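To start, the structure under review is shown below, and the notes come after it.
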Amino acid sequence: MREATSDDLDMILQWRNSLETRRVMFTDHEISKNEHLKWWSNVQNDKTKKVLLFVYDGKECGVINYFDIKQDGSSCHWGFYLSDKDFSAPVKMNIWLKLEGCAIEFAFEKIKVRNLICETFDFNKPVLAVHKRFGFKETGFEIYDKNNIKVRVVVTELNRDEYNK
């Protein structure tokens, strides 16, 4: 993993605007270049946010967003998406599992939070299953209005001490 830079912005925007990614995001409209640049400026000036690129086999292939990073180290939220590159299903799953493991380790070892929090649409069963595989526990849910449709959002958390067991 490496920190995202301004040189990565075009690539990140392309991946973020892919239909597959937008379908499972809270903000699901096609993001304009100006909106993207404003987001990046906010990330650069906000200590509660961090954006990393996941590198697999020498190629950038995923974005990891940490946000709501509490300065007391209590928690942060995170999310990710993969590139729009065509990978075979087994390679894509391998990337996904490695990304999740690295993202968790980074949150606990580098950001040094005690709790890592995810919010995932209930219909996104594959992501919920991978989170569960890594030890995330469901701690609640919210109802989100996604394009005038009420959608259940599952909140999951992973505690550093539980993860280290």
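Values computed for the structure shown
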item	result
Within the range 124-164, considering residues that are over 28 Å from Lys47 (Cα atoms) and touching a residue at least 40 places away in the same chain (Cβ under 8 Å), the one most open to solvent (accessible area, probe 1.4 Å)	Asn147
Unmet criterion (only one of (1) touching a His at 6+ places or on another chain (Cβ under 7 Å); (2) more than 28 Å from Glu30 (Cα to Cα)) for Lys110	(1)
Flag for Lys70 being among the charged types (D, E, K, R) and either assigned to a loop (DSSP other than H, G, I, E, B) or more than 27 Å from Asp10 (Cβ to Cβ) (or both)	yes
Residue match in the range 71-93 (condition: more than 26 Å from Val154 (Cβ to Cβ), open to solvent by less than 60 Å² (accessible area, probe 1.4 Å) and aliphatic (A, V, I, L, M))	yes
Filter result (farther than 17 Å from Phe26 by Cβ, among the charged types (D, E, K, R) and in contact with an Asp or Glu (Cβ under 9 Å, 6 or more places away or on another chain)) within the range 119-159	Lys132, Arg133, Lys137, Glu138, Glu157
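For (1) touching a residue at least 24 places away in the same chain (Cβ under 8 Å); (2) within 20 Å of Phe136 (Cβ to Cβ); (3) out of contact with any Ser or Thr (no Cβ under 9 Å at 6 or more places or on another chain), each residue gets a yes or a no:
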{"position": "Lys47", "(1), (2), (3)": "yes, no, yes"}
{"position": "Lys59", "(1), (2), (3)": "yes, no, no"}
{"position": "Ile64", "(1), (2), (3)": "yes, yes, yes"}
{"position": "Lys70", "(1), (2), (3)": "yes, yes, no"}
{"position": "Ser88", "(1), (2), (3)": "no, no, yes"}
{"position": "Glu105", "(1), (2), (3)": "no, yes, yes"}
{"position": "Glu109", "(1), (2), (3)": "no, yes, yes"}
{"position": "Ile117", "(1), (2), (3)": "yes, yes, no"}
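The values are calculated or read from the model by the stated rules, or taken from the named source; none is laboratory data. Fair warning: this is a prediction, and the values are worked out from it, not measured in the lab. Reconstructed Cβ throughout: ideal geometry from the backbone, glycine too, with neighbour counts over all protein chains shown. To get the accessible areas, we keep the full protein, side chains included, count just its heavy atoms, and leave off ligands, DNA and RNA. Shrake-Rupley method; radii C 1.70, N 1.55, O 1.52, S 1.80 Å.
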